[in-house]
């Protein structure tokens, strides 16, 4: 399974980030080209041999600078605490211990289960992987929501595939909603499964 794009609700608009990076790229490119051409002129004044390949100027173009900046932002810069607070996007990447309860309509526990949740996240993409003793699931769509009162919430739609040695379990799809603590070290939520396994319950996550 590959990471997929995810929606941001209540956070900074991704289009704004693109515009800011475009402006920064143009400014950096102009400054670098100007500095390079100035250095070439200075070298010529002193009679130094100068060979400026066109490919070098193309590497300093705004497009190339934008690609480099966006890669750095997508993989690293958005995680910096000050930047993350400005963007209102939590860094949930990593492994989480998950304790779940399957409930009946009266809210009584039918059975307990546990597993490991692995979240792969960048600025652009996300994937939530839950692995239990009997099955595994991967998210196929997701959204991160910020609310000043509730904090950060992860909502995702997933597909579950039972292990090959579990013939009584059927593949199915489901939905989960998890609200994370302000320190992003724990989360509580709920899930429900659709056709194939009509169950629902709670999830308690703790960062490993």
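Does residue 161 count as in a loop (DSSP other than H, G, I, E, B) and farther than 17 Å from residue 201 by Cβ? Reasoning before the result, please.
Numbers: in a loop (DSSP other than H, G, I, E, B): no; farther than 17 Å from residue 201 by Cβ: yes.
Spelling it out, it is not the case that residue 161 is in a loop (DSSP other than H, G, I, E, B) and farther than 17 Å from residue 201 by Cβ.
Can you tell me which residue in the stretch 99-108 is surrounded by the fewest Cβ atoms within 10 Å (Cβ to Cβ), limited to those that are under 17 Å from residue 197 (Cβ atoms) and touching a strand residue (DSSP E or B) at 6+ places or on another chain (Cβ under 6 Å)? Lay out the reasoning, then the answer.
Taking the stretch 99-108 as the starting set, the residues that turn out to be under 17 Å from residue 197 (Cβ atoms) are 100-105.
Within this subset, residues satisfying the condition of being touching a strand residue (DSSP E or B) at 6+ places or on another chain (Cβ under 6 Å) are 100-104.
Details: 100: 21, 101: 17, 102: 16, 103: 17, 104: 11.
Only one residue tops the list, namely 104.
All but one of (1) within 22 Å of residue 205 (Cα to Cα); (2) within 16 Å of the chain's Cα centre (by Cα) hold for residue 70; state the number of the condition that does not hold.
(1)
Hey, can you tell me all the residues within the stretch 164-208 that are under 16 Å from residue 113 (Cβ atoms), in contact (Cβ under 8 Å) with a residue 40 or more places away in the chain and part of a loop (DSSP other than H, G, I, E, B)?
199
Within the stretch 36-51, can you find the residues that are surrounded by 11 or more Cβ atoms within 10 Å (Cβ to Cβ) and either in the same structural domain as residue 161 (by TED's automatic domain parsing) or at pLDDT 70 or above (or both)?
36, 37, 39, 42
The values are calculated or read from the model by the stated rules, or taken from the named source; none is laboratory data. Just so it is clear, the model here is predicted, and its values are computed rather than measured. Backbone-built Cβ (ideal geometry, glycine too); neighbour counts: all protein chains shown.
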